[in-house]
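Engineer: One structure follows; several queries about it will come next.
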Amino acid sequence: MFYALCNWIVKNWGGIKNIKEQNIKKGVDAFYEHDTIKFQNISSISKIAAFIDPNENVIYDSRALSSLDWILLATGSRTKFFPIPKGRDNSMIAFDIGVLIRLKNISKYQQSPNFTNVDSNIFIDQDCAYAEFNKTLKKINCELWKDDKRRKSNPFYTEMLLFSIAKGRVMEELISQSRIIIKKKLYPYKDK
């Protein structure tokens, strides 16, 4: 029954239809044995973790992460950002915050021929991302809701707030505040 409930959470409630039931079972078992979630299944398995213990676990959702990464990038309050799983939302896909983070750090990429090494200095390791996201959201949640005892102990309030502002407020800020200048380089083309 437990695994049937996990499948319902992911597929019906969460709307992730293309994951195999055996991958859900493996992901849940790995989470309970090692307290980690493989990044390829993070969106699915974190839904289950959040259902089981909403005071400790939140959903690792691409919209909530895009909002958080945008806030961190726009305020300059952090130098390492969360890796974002592929989402299904077209606006989040069109304005990939990971690209903006890389552009903000373009000088680091210009200095190193190994982009993977640069990414590892800019993005939190995928194996640690879920634990770090939970920890970060709990900390933000305590500050945001410090005068509300019920919400203060439930980090899903902050996760849902980030989720809800992604398509509206974050997209508006991202579009209005982001600028990119591409230096024009003239190539010696021969006209026929």
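Engineer: At least 3 residues that are closer than 29 Å to ASP35 by Cα in each: list the helices (runs of 4 or more DSSP H) lying fully within the range 90-132 that qualify.
Structural biologist: Those helices (runs of 4 or more DSSP H) span 97-104, 115-122.
Engineer: Quick check: is even one residue across the range 149-157 out of contact with any Lys or Arg (no Cβ under 6 Å at 6 or more places or on another chain) and exposed (fewer than 14 other Cβ atoms within 10 Å of the Cβ)?
Structural biologist: So far as the range 149-157 goes, yes, one or more of its residues are out of contact with any Lys or Arg (no Cβ under 6 Å at 6 or more places or on another chain) and exposed (fewer than 14 other Cβ atoms within 10 Å of the Cβ).
Engineer: Determine if the range 29-44 includes at least one residue that is in contact with a Lys or Arg (Cβ under 6 Å, 6 or more places away or on another chain), within 30 Å of SER178 (Cβ to Cβ), assigned to a helix (DSSP H, G or I) and at pLDDT 90 or above.
Structural biologist: Within the range 29-44, not a single residue is in contact with a Lys or Arg (Cβ under 6 Å, 6 or more places away or on another chain), within 30 Å of SER178 (Cβ to Cβ), assigned to a helix (DSSP H, G or I) and at pLDDT 90 or above.
Engineer: Let me ask you something else. Tell me which residues, restricted to the range 2-22, are open to solvent by less than 50 Å² (accessible area, probe 1.4 Å) and out of contact with any Phe, Trp or Tyr (no Cβ under 7 Å at 6 or more places or on another chain).
Structural biologist: Those that are open to solvent by less than 50 Å² (accessible area, probe 1.4 Å) and out of contact with any Phe, Trp or Tyr (no Cβ under 7 Å at 6 or more places or on another chain): CYS6, ASN7, VAL10, LYS11, GLY14, GLY15, ILE16, ILE19.
Engineer: If you don't mind, another one. Given (1) modelled with pLDDT under 90; (2) of a type outside the set (Lys, Arg); (3) in contact with a Leu (Cβ under 9 Å, 6 or more places away or on another chain); (4) open to solvent by 70 Å² or more (accessible area, probe 1.4 Å), where does ALA94 come up short, assuming only one miss?
Structural biologist: Only one criterion in (1) modelled with pLDDT under 90; (2) of a type outside the set (Lys, Arg); (3) in contact with a Leu (Cβ under 9 Å, 6 or more places away or on another chain); (4) open to solvent by 70 Å² or more (accessible area, probe 1.4 Å) is unmet by ALA94, namely (3).
Engineer: Report yes if SER77 is surrounded by 15 or more Cβ atoms within 10 Å (Cβ to Cβ) and polar (S, T, N, Q), otherwise no.
Structural biologist: So SER77 fails the test.
Engineer: Checking LEU72 against (1) surrounded by 16 or more Cβ atoms within 10 Å (Cβ to Cβ); (2) touching a residue at least 12 places away in the same chain (Cβ under 8 Å), only one condition comes out false. Which one?
Structural biologist: Looking at each condition in turn, LEU72 falls short on (2).
Engineer: Still on this structure, please answer the following. Across the range 45-69, what is the number of residues that are open to solvent by less than 10 Å² (accessible area, probe 1.4 Å) and either closer than 20 Å to ALA166 by Cα or not in a helix (DSSP H, G or I) (or both)?
Structural biologist: Residues meeting the conditions: 8.
Engineer: Scan the range 73-131 for residues that are more than 15 Å from the chain's Cα centre (by Cα) and of a type in the set (A, V, I, L, M) and jot them down.
Structural biologist: Of everything in the range 73-131, those that are more than 15 Å from the chain's Cα centre (by Cα) and of a type in the set (A, V, I, L, M) turn out to be ALA74, ALA94, LEU103, ILE106, VAL118.
The values are calculated or read from the model by the stated rules, or taken from the named source; none is laboratory data. Since this is a predicted model, take the numbers as computed values, not measurements. All Cβ positions, glycine included, derive from the backbone under ideal geometry; neighbour counts span all protein chains shown. Remember, those area values only see protein heavy atoms, side chains included, never the ligands or the DNA or RNA. Shrake-Rupley method; radii C 1.70, N 1.55, O 1.52, S 1.80 Å.
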